[in-house]
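What follows is a set of notes on a single structure, which appears directly below.
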Amino acid sequence: MRKNKRVPKRKQQVNLHSLKKYMSTPKGTLMVILLLLSVSNFLASGSLTGIFHILIAIVFAVFIDAIVAIWRAYPRKFSDGACISGWIIGLILGVQESIWIIFATVTLAMVSKHLLSHGRKPVFNPAAFALLLAVWFWGAQESWWGAFSVQSSWWMIILIITGFWMTNRVRKFPQVLSFLATFFSGMLILAIFHWGSVSFTPADALRPPFINMTLFFTFFMLTDPPTTPGRKKLQIVFGCLSATLSILSMSLWGGQIYLLLALCSANTIKFLFDRIQKRRKNHVLPTKSLGLSE
């Protein structure tokens, strides 16, 4: 009989060290946070439907992304970014949605990630882009249940703590604070003067469940490093721009997509700005090559 081979302790330590190292990265940290939010929502609701939808969304996203990786001969077949996009979609789509809606939304996210890209970086936040189109194309319901939107307000404490944890990890405080300050002050002004749509007033955005939606969006979607600026000054501009677009979208159309529409619009503006900056740099000739230096 063959003896069971034991894994050397040194190898176990290396694997544990690698896991800890990955968990300290922005994507690893976000996965830990999404797991905490998922488990907390399960404990609050006692229902496994949401967890089941999350698993389906993750499997679909990773599978589609792996097919693209094989087709394009990428060395890495598993994408943690696809896992995160699927996870966020699962936390936002209403638990009453069918598996086909989940599959279609995840497919949109992966298509936008690979086709609407600049180099290897996506132009849009994949989850936000897919969720926006899901509402437009087939009227998907988005309850944002992962933000404790259907639970007691006390559960929001977990959302805020994990949100600040994530913001600190990706160093996006200028962007997050500028967005929240601009958004809530703008909504307060609109509420005072009773501006906005009839079906959805600005005051609605200042109370649950919409405030839950705003916090989740700000902490875990607005802070996406590949689709948002890295420099502090540009972070402030991007945060104020996204908030202003959110206010305009909400006041004009209301509904559940004003945050997603604002982020995708801000992503587009950032992409165009980056392209213009890159072209300017490419057209600037060194002064030495023109014989103009001293």
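The values are calculated or read from the model by the stated rules, or taken from the named source; none is laboratory data. All values reported here derive from a predicted model rather than from experimental measurement. Heads up, the Cβs are rebuilt from the backbone with ideal geometry, glycines too, and the neighbour counts pull from every protein chain shown.
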Would you mind finding the one in 58, 70 that is of a type in the set (A, V, I, L, M, F, W, C), farther than 14 Å from residue 147 by Cβ and over 22 Å from the mean Cα position of the chain (by Cα)?
70
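Let me confirm something: among 241, 222, which residue is assigned to a helix (DSSP H, G or I), at pLDDT 95 or above and not basic (Lys, Arg)?
From the options 241, 222, the qualifying one is 241.
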What are the pairs with Cβ atoms under 6 angstrom where one residue, in the stretch 123-134, is in contact (Cβ under 8 Å) with a residue 24 or more places away in the chain and within 11 Å of residue 221 (Cβ to Cβ) and the other, located anywhere, is of a type in the set (Asp, Glu) and surrounded by 24 or more Cβ atoms within 10 Å (Cβ to Cβ)? Sequence gap at least six, or different chains.
125/224
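Would you mind stating whether residue 251 is part of a helix (DSSP H, G or I) and at pLDDT 90 or above?
No.
Condition check ((1) at pLDDT 95 or above; (2) touching a strand residue (DSSP E or B) at 6+ places or on another chain (Cβ under 9 Å); (3) buried (at least 19 other Cβ atoms within 10 Å of the Cβ); (4) assigned to a loop (DSSP other than H, G, I, E, B)) across all residues:
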{"site": "86", "(1), (2), (3), (4)": "yes, no, yes, no"}
{"site": "89", "(1), (2), (3), (4)": "yes, no, yes, no"}
{"site": "100", "(1), (2), (3), (4)": "yes, no, no, no"}
{"site": "114", "(1), (2), (3), (4)": "no, yes, no, no"}
{"site": "129", "(1), (2), (3), (4)": "yes, yes, yes, no"}
{"site": "140", "(1), (2), (3), (4)": "no, yes, yes, yes"}
{"site": "149", "(1), (2), (3), (4)": "no, no, yes, yes"}
So residue 73 fits all but one of (1) in contact with a Lys or Arg (Cβ under 8 Å, 6 or more places away or on another chain); (2) at positive phi; what number is the exception?
(1)
(1) more than 21 Å from residue 56 (Cβ to Cβ); (2) surrounded by 21 or more Cβ atoms within 10 Å (Cβ to Cβ): which one isn't true of residue 120, the others all being true?
(2)
Taking the stretch 241-254 as the search range and keeping residues that are in contact (Cβ under 8 Å) with a residue 60 or more places away in the chain and surrounded by 18 or more Cβ atoms within 10 Å (Cβ to Cβ), which one is nearest to the chain's Cα centre (by Cα)?
242
How many residues are within 29 Å of residue 123 (Cβ to Cβ) and part of a helix (DSSP H, G or I) when one looks only at the stretch 195-219?
11
For the stretch 167-194, which positions are without any contact (Cβ under 8 Å) to a residue 12 or more places away in the chain, in a loop (DSSP other than H, G, I, E, B) and at negative phi?
193
